[in-house]
Amino acid sequence: PVNKKNRLSTHSFKQAFTKVFSLLLIAVAIQIAAFLILEAHSLAVYQHPLVINFSVLWKFALVYFAILFLFGKLFDRNHLRVDGKYLGYCLIIINFFLLGALSGKIEQLTYGLKEIKKPEEIFNHRTHKNFRLKYALPIDARISGYHFEVSSSRRSSYNNYTHYLTIPVKAFQADWHRLWLGESFTNKIRKHSLFEKVKQTNTWFVNKKKREFRESLKREPHFYEVVYSDFNQSFREKGFYSSALASYKSVVPLIVLRPHFEPYNDYKQSTIEIILLLISGILLVCVISSAVAAYYR
């Protein structure tokens, strides 16, 4: 309501837009600082960035609520309409998820590429994510692991089935395997489909992907990416772990690698493009919120 405490703004559209945009940039800057502090803590405790640590997450949550409180107070000082403030709250929260995705992509660029001569050396470099060898890893094609997970949303009429395939590497002279190659694939099936139809669709899809995965391993990958490691909490795509265990030929601790057949520079370039897209998204969110707040000033 318009009253003595909440007067209509005397700012022009440009002035209101500039003020709100500046406030949102301040909020984003504090969010980035909080992310950096969380990452520094992970490095100090776990010797690795961005490890989920629930003992500090509540502190991060308090900082986040402080950001929303500060934004609201500074917004009110400019006597702008509450329409823009509430939208600003929502978009600050959206920026939280965008920054989380952005930090994950930036993290990928920090790993670099580690050159090794033997696959056994992977177990000696537990903080590295990407490895390159001079030859393709030999596999034991007689053994394969398989695991699938189902996810759904109330807003979607489809269920997402994520399939994890693994094949062991013959890197050690043993009947049990510690090093695996893995790949994941996803297909959608309409909800409320008959069980037999779901089973037939998944069986056809998995058999097709198994053949494609085995055929791909006949080529030499440009590099390998660690997708699961018992030695590092940052590399924990649990579906690959369950897939390797399902073969009954795995032994822990184990590591699962995803082969990449695109050049590393192309992989790096695509990651940079995603980073730029996320940064653009963050700025676009701030612009939209500022424009709405200025319009309803």
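Picking from Pro253, Pro263, which residue would you name as being over 18 Å from the mean Cα position of the chain (by Cα) and modelled with pLDDT of 90 or more? Can you show your working first?
On the way: Pro253 fails: modelled with pLDDT of 90 or more.
Residue meeting the stated conditions: Pro263.
Would you confirm whether or not segment 50-62 contains a residue that is modelled with pLDDT under 80, on the phi > 0 side of the Ramachandran plot and surrounded by 17 or more Cβ atoms within 10 Å (Cβ to Cβ)? Walk me through how you get there before you give the answer.
If we filter segment 50-62 for residues that are modelled with pLDDT under 80, which is where we start, we get 50-62.
Then drop every residue that is not on the phi > 0 side of the Ramachandran plot, which leaves 50.
Still in the list and also surrounded by 17 or more Cβ atoms within 10 Å (Cβ to Cβ): 50.
Scanning segment 50-62, I find at least one residue that is modelled with pLDDT under 80, on the phi > 0 side of the Ramachandran plot and surrounded by 17 or more Cβ atoms within 10 Å (Cβ to Cβ), so the answer is yes.
Please name all residue pairs, on different chains or six or more residues apart, with Cβ atoms under 9 Å, provided the first residue is in segment 107-123 and is in contact (Cβ under 8 Å) with a residue 12 or more places away in the chain and part of a helix (DSSP H, G or I) and the second residue is among the aromatic types (Phe, Trp, Tyr) and surrounded by 11 or more Cβ atoms within 10 Å (Cβ to Cβ).
If the second residue must be among the aromatic types (Phe, Trp, Tyr) and surrounded by 11 or more Cβ atoms within 10 Å (Cβ to Cβ), the pairs left are Gln108/Tyr267; Pro119/Phe131; Pro119/Phe172; Pro119/Tyr224; Glu120/Phe172; Ile122/Phe131; Ile122/Tyr224; Phe123/Phe231.
Asp140: modelled with pLDDT under 85, closer than 29 Å to Pro253 by Cα and not aliphatic (A, V, I, L, M), yes or no?
Values: modelled with pLDDT under 85: no; closer than 29 Å to Pro253 by Cα: yes; not aliphatic (A, V, I, L, M): yes.
No; evaluated as a whole, the condition is false for this residue.
In segment 145-173, what count of residues is obtained for those that are part of a loop (DSSP other than H, G, I, E, B), among the small types (Gly, Ala, Ser) and either open to solvent by 70 Å² or more (accessible area, probe 1.4 Å) or modelled with pLDDT under 85 (or both)?
Narrowing segment 145-173 to residues part of a loop (DSSP other than H, G, I, E, B): 153-157, 170-173.
Right, trim to among the small types (Gly, Ala, Ser) and you get 153, 156-157, 171.
Now restrict to residues that are either open to solvent by 70 Å² or more (accessible area, probe 1.4 Å) or modelled with pLDDT under 85 (or both): 153, 156, 171.
The total comes to 3.
Search segment 122-132 for residues being closer than 16 Å to Asn232 by Cα and exposed (fewer than 15 other Cβ atoms within 10 Å of the Cβ), and hand back the single one that is farthest from the chain's Cα centre (by Cα). Before you say what the answer is, go through the steps one by one.
Kept after step one, since they are closer than 16 Å to Asn232 by Cα, are these residues of segment 122-132: 122-131.
Keeping just the survivors that are exposed (fewer than 15 other Cβ atoms within 10 Å of the Cβ) gives 124-125.
Values: Asn124: 25, His125: 22 Å.
Among residues in segment 122-132 that are closer than 16 Å to Asn232 by Cα and exposed (fewer than 15 other Cβ atoms within 10 Å of the Cβ), the one farthest from the chain's Cα centre (by Cα) is Asn124.
So, in segment 174-189, exactly how many residues are part of a strand (DSSP E or B), of a type in the set (A, V, I, L, M) and surrounded by fewer than 19 Cβ atoms within 10 Å (Cβ to Cβ)? Show your work before the answer.
Initial filter on segment 174-189 (part of a strand (DSSP E or B)): 177-189.
Restricting the remaining residues to those that are of a type in the set (A, V, I, L, M) gives 179, 181, 189.
Filter once more, keeping what is surrounded by fewer than 19 Cβ atoms within 10 Å (Cβ to Cβ): 189.
Going through segment 174-189 one residue at a time, the tally reaches 1.
Would you check which residues across segment 28-48 are modelled with pLDDT under 85 and open to solvent by less than 20 Å² (accessible area, probe 1.4 Å) and list them?
Across segment 28-48, the qualifying residues are Gln31, Ala34, Ser42, His48.
The values are calculated or read from the model by the stated rules, or taken from the named source; none is laboratory data. Just so it is clear, the structure is predicted and the values come from calculations on it, not from any experiment. Here Cβ is always computed from backbone atoms with ideal geometry, including for glycine, and neighbour counts include all displayed protein chains. Protein only, heavy atoms only, side chains kept; ligands, DNA and RNA dropped before computing areas. Shrake-Rupley method; radii C 1.70, N 1.55, O 1.52, S 1.80 Å.
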